[in-house]
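Some notes on the structure that comes next.
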Amino acid sequence: MLKKSQTKVIFPIITFGLLKEYLVSEKAEFIDSEVKKAYHNAIFFMQNFIGHKLHTGGKYYDAYPIRNLPRYGVLIVNGKSFELTEIFKENAKELVNWLPETIKQHIDKKIGLIPTLGNNHERLQIAIDKSEFQRFIEANITLNPSNFEVFSFSIIKIHLEKFACKIYRDTRTSAHDKGVDLSTNFGVVYQIKKLQLFNLKAAEEIFSEIKLNFDSERMNDGKVVLIIDAISTDVRNYLINMKIQSISKNEILSICNQFLEVEDRMKVLRVIYDEYRREYESQI
């Protein structure tokens, strides 16, 4: 369940809520409204437990107890009601003690220190020292594909603002589309891939994919840019010949290192937090 929780932890929190209710009331059978109530109570508990609202629960749908939770062996459907399975009832106490910390560890691993960036004082503590700020970016930008996309966008956004250019993030980190990730008000589009391109075969595959996703006019005008983790010189040159520009992680970090003002560094951290909040903040 946790592995499949992309932007918000839902089913483990519903399970925790139902098991907690079972231990308190010895009630093992629930109607839909009771499942929803137990879920909301569990969300509030978890948010207090982990100290923030990111990645903790999304909108409730009546399909959850009908299809999703039975699929995980948590509930069985009895007409219009739902009953905890025997294995979950037998292990309810252990699971209620185990789940909160396990969910917290999952969220911490996924988004790390991002929740702290919502606090202006915490952002200042990181941004006030240029070296500390750079270390924070370098330590977090490649932790996972989500970080690579959000951090790259945030750095480029603040950089382009100096030239009165605007950039927009069109996707979400859990999306499986292969098209535009970032667009601009000057016609250039960016595609972000947390990949390392060191051989021409891989480059040819990427180029073929890009050709499917972007019109020939934009490509011929050189307005498609690939943001990549790492890229070799021969692969970069191959893409340039195909009129595809590329920006590596090291180049992103070099741009980041040019933010000399504390205000700019704080803006980067604020954009990072805002992008994560847009996707991960609980909405119930």
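Considering only DSSP beta bridges with both partners in the stretch 114-280, what is the antiparallel share in %, to the nearest 5?
Working: 5 of 17 bridges.
Here the share of antiparallel DSSP bridges comes out near 30 percent.
Considering only Ala202, Ala92, Ala38, give the residue with the highest GNM mean-square fluctuation for the chain, with springs between Cα atoms whenever their separation is below 10 Å.
Of Ala202, Ala92, Ala38, the most mobile in the Gaussian network model is Ala202.
Restricting the count to DSSP beta bridges whose residues both fall in the chain, what percent are antiparallel, rounded to a multiple of 5?
Details: 13 of 26 bridges.
Of those bridges, close to 50 percent are antiparallel.
Enumerate the whole-percent occupancy of each 5 Å bin, from 0 to the last occupied one, for all C-alpha pair distances of the stretch 114-280.
Per 5 Å bin, starting at 0, the Cα pair percentages come out as 1, 8, 18, 21, 20, 15, 9, 5, 2, 0.
Determine, for the stretch 114-280, the count of lysine pairs separated by eight or more sequence positions (or lying on different chains) whose alpha-carbon distance falls under 14 Å.
Summing the qualifying lysine pairs gives 12.
Fewest Cβ neighbours within 10 Å first, please rank Phe207, Phe259 accordingly.
Values: Phe207 17, Phe259 22.
Listed from fewest to most nearby Cβ atoms, that is Phe207, Phe259.
May I ask you to sort His52, His40 by Cβ crowding, counting other Cβ atoms within 10 Å and putting the fewest first?
His40, His52
Fully extended, how many nm does the chain gain between His40 and Met242 (0.36 nm per residue separation, minus their Cα-Cα distance)? Walk me through the intermediate numbers first.
Working: separation 202, 0.36 × 202 = 72.72 nm, distance 5.22 nm.
Here the segment from His40 to Met242 would lengthen by 67.5 nm.
Once you have the Cα-Cα distance between Thr116 and Glu261, take 0.36 nm times their residue separation minus that, and quote the gain in nm to one decimal. Intermediate results must be reported in sequence, preceding the final value.
Details: separation 145, 0.36 × 145 = 52.20 nm, distance 2.09 nm.
Between Thr116 and Glu261, full extension yields 50.1 nm more.
In nm, to one decimal, how far is the Asn199 label point from the Gln134 one, both placed 7 Å along Cα→Cβ?
Distance between label points: 3.5 nm.
What does the charge count around Lys243 come to, taking other residues whose C-beta lies under 13 Å from its C-beta (Lys +1, Arg +1, Asp -1, Glu -1)? It would help to have the intermediate numbers written out before the result.
Working: positive: Lys211, Arg218, Lys223, Arg236; negative: Asp215, Glu217, Asp221.
Result for the neighbourhood of Lys243: +1.
How much length would be gained if the chain were fully extended between Thr233 and Glu101, taking 0.36 nm per residue of separation minus their Cα-Cα distance, in nm to one decimal? Mind dumping the intermediate values first?
Numbers: separation 132, 0.36 × 132 = 47.52 nm, distance 4.53 nm.
Extending this stretch completely gives an extra 43.0 nm.
Could you work out the relative contact order of the stretch 116-270? I mean the mean sequence separation of Cα pairs under 8 Å and 6+ apart, divided by the number of residues, in percent.
Working: 206 pairs, mean separation 40.7, N = 155.
Across the stretch 116-270, relative contact order equals 26 percent.
Which net charge results for the neighbourhood of Tyr22, defined as the other residues with beta-carbon distances under 14 angstrom from its beta-carbon, given Lys and Arg at +1 and Asp and Glu at -1? Present the calculation step by step, with values, prior to reporting the outcome.
Details: positive: Lys20, Lys27, Lys37, Lys89, Lys93; negative: Glu21, Glu26, Glu29, Glu34, Glu83, Glu86, Glu90, Glu94.
Net local charge, Tyr22 excluded: -3.
Arranged by the count of other C-beta atoms within 10 angstrom, fewest first, what order do Cys165, Cys256 take? Before the final figure, lay out the partial values.
Working: Cys165 14, Cys256 24.
Going from sparsest to densest Cβ surroundings: Cys165, Cys256.
Rounded to the nearest 500 deg cm²/dmol, what is the calculated helix-only ellipticity per residue at 222 nm for the chain, with -39500 (n - 2.57) per DSSP H run of length n ≥ 4? Show your work: numbers first, answer last.
On the way: 12 runs with 150 residues, N = 284.
After summing the helix terms and dividing by residue count, I get -16500 deg cm²/dmol.
Considering only DSSP states other than H, G, I, E and B, which GluC sites (Glu not before Pro) in the stretch 1-74 qualify as loop sites with at most 14 other Cβ atoms within 10 Å? Let's see the in-between values first.
Values: sites: Glu21, Glu26, Glu29, Glu34; in loops: Glu26.
Passing sites in the stretch 1-74 are Glu26.
Taken together, the values in this text are just the output of simple stated rules run on the coordinates, not laboratory data. As the structure is a prediction and not an experimental result, all values here were calculated from the model. When we count neighbours, we look across all protein chains shown, and the Cβ atoms used for this are built from the backbone with ideal geometry, even at glycine.
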